[in-house]
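What follows is calculated from the coordinates using simple rules that are stated; it is not laboratory data. Because the structure is predicted, anything quoted here is derived from the model rather than measured. Using ideal geometry, Cβ is built from the backbone for each residue, glycine included, and neighbour counts are taken over all protein chains shown.
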Amino acid sequence: MTPEEQDQVRARQKSRALVTGLLLGFLAILFFAITLAKIGVSDQI
Amino acid sequence: MASSPIMSGTATPALPAHWRDFVALTKPRVMTLVVFTGLCGLLAAPDHIHPVLAFTAILCIALGAGAAATLNQWYEADIDAKMKRTANRPLPAGRMDRQSALHFGVGLSFFSVILMGMATNLLAAAVLTVSILFYVFVYTIWLKPRTAQNIVIGGAAGAFPPVIGWAAVTGDISALPVALFMLIFFWTPPHFWSLALFVRTDYAAAGIPMLPVVAGEVTTRRQIWLYTAIMAVAALAPVLLRLTGPIYGTAAIVGTAIFAALAFQVYRHRETDPANMAPEKRLFKYSILYLFLLFGAVVVDRWLLP
């Protein structure tokens, strides 16, 4: 693999890692919000 | 073209796939209609759901549809490579290895179903499961390569979203979501066959037995007209059964009349050159607008005239 190809692979890995991180952050917030919504629902019962 | 089958099926690309290619696998444009009909099913339900749970339900419908689309492309990578319309998808273009697509599709399927079950209820999760399995196993693997009736029966897969949206809110399935299911089910043949008429050569090259390839264009035009008549009954059924109000009634009558007029033009048209198939392209485009219009009207009816 040439240095240029290595750079390309690195760049792609970096962008995938960034997107995965953002998705995990989003899911953490979503699960927290679902938990709050569920607690709210059970409180009303 | 010569290298496509190898690239699509077995070759491992030198570069790891770009994240945009994973998004492309989920067919985001097709997902728009799925999300919209699912959202309409959810909003038309006679009950309330917490906005966060409603958002999660729609997200799960979108992810489930994306998972099914991914598995469809994983299975059909070799066929996609033979069609101009699909040759640039991530797998046939060689931008992603097939195993990554399989893992992504299976993972997304499980995730969407489990999240749906956790956030809403088991019935919604079960119907979502059935819709994914139906699309992958019944439509993609079983029907599509074998019969010209593939999209008639396979169309059921795309008809599930309003049922899932409704079930996510109410926990049951009543007459209106079933009527909406039937509407999409009978809308699918004229929608897809109008497209198949002007991309017939693509399907023929890939060996897919779409109706225009197997039975010819005249038969396809007649079938479009026939299914439009059945679809009209399905579109008017919610009105006749008093499941919806006057807004949907007006939209259904006017929208279906226009649909029927366009389908009749297609029926009478005798052009074989795709470049001159203006009525077919018009019907295809209008059919998408039609579904948006009718589903939107169901929601407006429910919210403005409860």
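Each Cα pair under 8 Å and six or more residues apart adds its separation to the average, and for segment B:11-112 the resulting relative contact order is 41 percent. Taking the longest Cα principal axis of chain A as reference, the axis of helix A:3-44 is set at about 0 degrees. Cβ-Cβ distance of B:ILE230 and B:ILE258, R₀ of 22 Å, FRET efficiency by 1/(1 + (r/R0)^6): the value works out to about 0.80.
Relative to the Cα centre, the charge distribution of chain B, modelled as +1 at Lys and Arg Cβ and -1 at Asp and Glu Cβ, gives a dipole magnitude of about 560 debye.
When restricted to Cα atoms, segment B:7-107 yields an Rg and a Dmax of 16.0, 53 Å, respectively. In the protein assembly as shown, the C-alpha radius of gyration followed by the widest Cα-Cα span (Dmax) gives 21.7, 69 angstrom. Using just its DSSP H runs of length 4 or more, each adding -39500 (n - 2.57), chain B gives a mean residue ellipticity at 222 nm of -24000 deg cm²/dmol after division by all residues. Each residue in B:MET96, A:MET1 was given a count of other beta-carbon atoms within 10 angstrom of its own, and listing them fewest first yields A:MET1, B:MET96.
In which sequence would B:THR26, B:THR272 go, from the one with the fewest C-beta neighbours within 10 Å to the one with the most?
Working: B:THR26 21, B:THR272 13.
Going from least to most buried by this count: B:THR272, B:THR26.
Take every Cα pair under 8 Å whose residues are at least 6 apart in sequence, average their separation, divide by the length of chain B, and the relative contact order is 19 percent. Counting only other chain Cβ atoms within 10 Å of each residue's Cβ, the peptide B:49-57 averages 4.
Cross-link reach is defined here as a Cα-Cα straight distance under 18 Å, omitting same-chain residues fewer than 8 places apart; for A:LYS38 the aspartates and glutamates meeting it are B:ASP47.
Each residue in B:ARG98, B:ARG29 was given a count of other beta-carbon atoms within 10 angstrom of its own, and listing them fewest first yields B:ARG29, B:ARG98. Other protein chain C-beta atoms within 10 Å of residue C-beta, averaged over A:31-40: 4.
Candidates B:LEU183, B:GLY216, B:TYR248 compared by Cα position along the dipole of chain B: farthest toward the positive end lies B:GLY216, with charges placed on Cβ. Listed by chain and number, the lysines whose alpha-carbon sits under 29 Å from that of B:LYS27, ignoring those within fewer than 8 places in the same chain, are A:LYS14, B:LYS82, B:LYS84, B:LYS144, B:LYS281, B:LYS285. Within 10 Å of each Cβ in peptide B:109-115, how many partner chain Cβ atoms are there on average? Round it to a whole number, please. Mean partner-chain Cβ count within 10 Å for B:109-115: 1. What FRET efficiency would be calculated for the residue pair B:ALA126, B:LEU289, taking the C-beta separation as r and a Förster radius of 41 Å, to the nearest 0.05? After rounding to 0.05, the efficiency reads 0.80.
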